[in-house]
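Presented below is the structure to which this report refers.
The values are calculated or read from the model by the stated rules, or taken from the named source; none is laboratory data. Because the structure is a prediction, the values reported are computed rather than measured. Glycine also receives a Cβ, built like all others from the backbone with ideal geometry; neighbour counts cover every protein chain displayed.
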Amino acid sequence: MPKDSISNSVIRRLPRYYRFLGELEISGYVRISSRELAEKMGLTASQIRQDFNCFGEFGQQGYGYNVNDLKNEIGRILGLDDITPMILLGAGNLGRAIASHIDFNSKGFALIGIFDSNPEMIGDRIGDIIVSDIAELEKFCQKNRPDGAILCIPKEEAARETDRLISLGIRAFWNFTHYDLRIEHKDIAVENVHLGDSLATLSYRLNSSCK
């Protein structure tokens, strides 16, 4: 099936499959049926088979799926075999938390630079990386060729810095700014993260289940 015809909902389930299969592998599972996997993930066996069929035939009738092989294949589909260099803009509390606690390598990325415009933050160390002046962005990108950027900057700065980053070769954004990058740039890869939206969804589920 052509990649551009695969629904976003299927794509968003792939990381969850990858995570569950990794946990199963650690627990000693060698193979698993679609029915067993569905029970563990709260899905249906039919849904799982339909999702996997978007990318090819992975299981064997009467045998199920080899857990290690399926995990590795989903990892390949997600692009986790290749490590993409990435930078982070915004070394405030959110940026620091992301830089410190996300295992980028296991997700197919390597964080290679952190930038901020606040003189009080420039020169700070976050993990193994020294926070650089955002004025040095052009020089850094020309030398190190990052492909992705994490945006933890104010919304009003996002449009300007996005244009700047795209001109420097950035092709993918993990965006925490609440600025919709897709409005002006439809040919880049964007994952918008709205933590407030997620919390509001939790509020809805809590309140609707209590009534």
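For region 182-203, the criterion of a residue being of a type in the set (Lys, Arg) and touching a residue at least 60 places away in the same chain (Cβ under 8 Å) is satisfied by no position.
Per-residue answers, yes or no, for (1) over 25 Å from residue 150 (Cα atoms); (2) in contact with a Ser or Thr (Cβ under 9 Å, 6 or more places away or on another chain):
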position: 9; (1), (2): no, no
position: 20; (1), (2): yes, no
position: 26; (1), (2): yes, no
position: 34; (1), (2): yes, yes
position: 66; (1), (2): yes, no
position: 69; (1), (2): yes, no
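Among the criteria (1) surrounded by 13 or more Cβ atoms within 10 Å (Cβ to Cβ); (2) more than 30 Å from residue 168 (Cβ to Cβ); (3) in contact with an Asp or Glu (Cβ under 9 Å, 6 or more places away or on another chain), the one residue 21 does not fulfil is (3).
Entry remark, region 143-169: residues being outside any helix (DSSP H, G or I) and either free of Cβ contacts under 8 Å to residues at least 60 places away in the same chain or not β-branched (Val, Ile, Thr) (or both) number 10 in total. Of all residues in region 158-198 being closer than 20 Å to residue 99 by Cα and of a type in the set (Asp, Glu), which is farthest from the chain's Cα centre (by Cα)? Of everything passing the filter in region 158-198, 161 is farthest from the chain's Cα centre (by Cα). Taking the listed residues 128, 116, the one that is surrounded by 15 or more Cβ atoms within 10 Å (Cβ to Cβ) and over 16 Å from the mean Cα position of the chain (by Cα) is 116, with no other qualifying.
Against the definition (in contact with a Leu (Cβ under 8 Å, 6 or more places away or on another chain) and of a type in the set (A, V, I, L, M, F, W, C)), how does residue 94 come out, yes or no? Answer is no for this residue. Please determine whether any residue of region 117-128 is at pLDDT 90 or above, of a type in the set (Lys, Arg) and farther than 30 Å from residue 72 by Cα. Within region 117-128, one or more residues are at pLDDT 90 or above, of a type in the set (Lys, Arg) and farther than 30 Å from residue 72 by Cα.
Starting from residues that are farther than 20 Å from residue 107 by Cβ, of a type outside the set (Ser, Thr, Tyr) and surrounded by 12 or more Cβ atoms within 10 Å (Cβ to Cβ), keep the ones in region 54-65 and report whichever is nearest to the chain's Cα centre (by Cα). Among those residues, the one meeting the criterion is 54.
Within region 24-51, restricting attention to residues that are of a type in the set (A, V, I, L, M, F, W, C) and assigned to a helix (DSSP H, G or I), the residue that is surrounded by the fewest Cβ atoms within 10 Å (Cβ to Cβ) is 26.
The residues of region 94-141 that are among the small types (Gly, Ala, Ser), outside any helix (DSSP H, G or I), in contact with a Gly (Cβ under 7 Å, 6 or more places away or on another chain) and closer than 18 Å to residue 173 by Cα amount to a single one, 108. Every test in (1) buried (at least 18 other Cβ atoms within 10 Å of the Cβ); (2) assigned to a helix (DSSP H, G or I); (3) touching an Asp or Glu at 6+ places or on another chain (Cβ under 7 Å); (4) of a type outside the set (S, T, N, Q) is passed by residue 91 save one, and that test is (2).
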